[in-house]
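Read the figures in this text as sums done on the coordinates, not as results from a lab. Keep in mind that this is a model prediction, so the values were computed, not measured. Cβ atoms come from the backbone with ideal geometry, glycine included; neighbour counts cover every protein chain shown.
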Amino acid sequence: MRARLRGFTILLTMLILVACATQPASPPPPLAANRAPFIMTDDPVFPAPPELAPKVRFWQHVFGIWGRHQVALHDNRHLDLVYGVLTLPGSAGDSQTAEQRDFVRGHRDQLQSLLSQMEFKIARGAPLTPPEQALASHIRASSGGPGAIAGASERLRSQRGMRESFKRGLEISGRYDAVFRGVFREAGLPEDLAYLPHIESSFQNHAASSVGALGMWQFMPATAREFMMMNAAVDERRDPVTAAQGAARYLSQAHNRLGTWPLALTSYNHGIGGMSRAKREFGDDFVAIVQDYSGPRFGFASRNFYVEFLAVREIARNPEQFFPEGVRYEPPLRQDRIRLRQAVAAPTLANYYGVNLTELNGLNRAWLPVAQSGRVPLPAGTMVWLPAGTMLRLAQQGASSRTLALAEPVTTVRLR
């Protein structure tokens with residue numbers, strides 16, 4: 001298979017110098033042997049057909065090699081077709097400055113013009129300039145082959161590197177990994193589903209999308225109401241562990257209906273109904289779905305969701321290969337957890353358990369402001385986090401029957 005990411009650096013240096021009047025793209029630094037992307041091995045649970053390998057390697061570059069100061073110009077279908085990597089001017093923050101956006105747009109527009117000109121000439125059998133010939137050769141050598149030349153200008157896309165945010169997500173994952181794995185294990189699902197927040201939020205619990213998805217697991221409101229508690233007092237999308245339990249319920253249902261993990265995981269982005277339509281058209285041939293399915297809203301994000309999962313899974317399982325400087329994982333979560341047997345106001349709950357209300361509210365991110373203040377009671381069934389050792393202290397003090405009637409300890413998720 002000709003799919004590969006190597007070989008584009010020299011080409012892009014020449015192409016951008018020709019196509020762009022502004023600063024040339026900086027080729028990415030040579031990859032040290034200990035940072036080279038993994039070649040995927042097949043897995044019966046999460047299969048990685050060889051046709052997906054170029055896409056997996058691309059996302060390994062995005063998450064583990066290219067930093068936020070770098071922007072790759074690439075083909076949105078054939079991800080190994082990378083034309084080059086721009087280095088943003090100035091300092092690189094979480095979001096790009098107006099100057100940096102203009103910088104990327106200018107380079108992209110001029111490269112797109114060069115691609116369009118090359119396509120036009122090839123379609124009419126006209127001779128190519130040396131840069132155009134080099135560009136055509138580069139495209140033909142990609143996984144798309146000669147057929148990728150047609151429409152290449154329309155498929156041009158930019159992708160910013162995410163190495164810093166991914167590394168920070170790895171650090172935060174140390175707090176939740178054991179708990180998340182316990183959630184999926186007890187649901188009878190593969191434990192490696194615990195890596196999903198790397199794609200959805202980089203383990204940032206405050207993450208919110210422009211379309212309404214919220215939290216570490218990025219649930220939309222309608223889906224959240226089906227798989228967790230979401231009402232006037234509580235939005236469990238804001239609780240990473242409870243949302244993980246909701247994700248386990250969703251993924252269990254998705255896998256039962258769709259039959260394979262590539263389809264079930266893709267449904268996390270595209271919906272069970274959408275992937276059911278894809279399955280009716282292509283069966284379980286996931287490679288064909290990725291390459292040829294053109295159902296409603298099955299765009300770049302949906303098409304790449306599963307290969308992103310494969311990429312982050314490999315990086316998270318082998319962090320030393322991508323982060324030789326080391327990763328400082330946060331210590332595992334250590335808190336007590338209970339489930340309310342009856343409705344109760346937060347101030348009353350704090351008094352029962354001898355916990356400062358401000359501290360209690362800080363531990364329970366799912367509680368909305370009206371519940372934190374006590375204006376709206378927490379409904380029965382609400383999951384409550386308490387400071388580590390609270391239940392042991394109560395047991396040593398001799399918990400009253402009134403306290404025991406209020407809530408029950410939760411043992412399904414092991415925190416210690």
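For the peptides 337-346, 48-57, 316-325, the ranking by packing is 48-57, 337-346, 316-325, with the highest mean count of neighbouring Cβ atoms within 10 Å listed first. The Cα trace of the chain gives Rg and Dmax of 24.8, 89 Å, the first to one decimal, the second as a whole number. For the chain, modelled as a GNM whose springs connect Cα atoms under 10 angstrom apart, the maximal fluctuation among Gly90, Gly299, Gly271 occurs at Gly90.
Reducing the stretch 195-219 and the stretch 67-132 to their Cα centroids gives an inter-centroid distance of 29 Å.
Would you mind checking which residues have amide H under 5 Å from Tyr83's amide H? H placed 1.01 Å from N; only 5 or more apart, or other chain. Here the answer is Leu73, His74, Asp75, since their amide H atoms fall under 5 Å of that of Tyr83. Compute the acute angle (0 to 90°) between the alpha-carbon long axis of helix 300-317 and the principal axis of greatest extent of the alpha-carbon atoms of the chain; round to the nearest 10°. Helix 300-317 sits at roughly 70 degrees to that axis. Taking every DSSP helix (H) stretch of at least 4 residues in the chain, weighting each as -39,500 (n - 2.57) and dividing the sum by the residue count yields a mean residue ellipticity at 222 nm of -14500 deg cm²/dmol. In plain terms, the bigger the Kirkwood radius, the slower the diffusion; for the stretch 335-409, with that radius from Cα pairs, at 10 °C and 1.306 mPa s, Stokes-Einstein puts D at 130 µm²/s. Taking amide H positions as modeled 1.01 Å from N, with prolines and chain starts lacking one, the residues under 5 Å from Val344 and 5 or more places away or on another chain are Leu378. Projecting the Cα positions of Gly259, Met118, Leu368 onto the charge dipole of the chain (unit charges on Cβ atoms of Lys, Arg, Asp and Glu, taken about the Cα centre) puts Leu368 furthest along the positive direction.
Classification of the stretch 297-340 by its C-alpha gyration tensor yields an oblate form. The axis ratio a/c (a ≥ b ≥ c) is 1.5 or more, and b/c is at least a/b. When the chain is treated as a Gaussian network with alpha carbon springs shorter than 10 Å, the biggest mean-square fluctuation among Ser302, Ser153, Ser113 belongs to Ser113. Between the amide H of Ala407 and those of Arg341, distances stay under 5 Å, these residues lying 5 or more places away or on another chain, with hydrogens modeled in the peptide plane.
Comparing Ala178, Ala136, Ala350 in a Gaussian network model of the chain (Cα springs below 10 Å), the most mobile by mean-square fluctuation is Ala350. Based on the Cβ-Cβ distance of Phe120 and Thr97, what FRET efficiency does E = 1/(1 + (r/R0)^6) give at R0 = 35 Å, to the nearest 0.05? Between Phe120 and Thr97 the formula returns 0.55.
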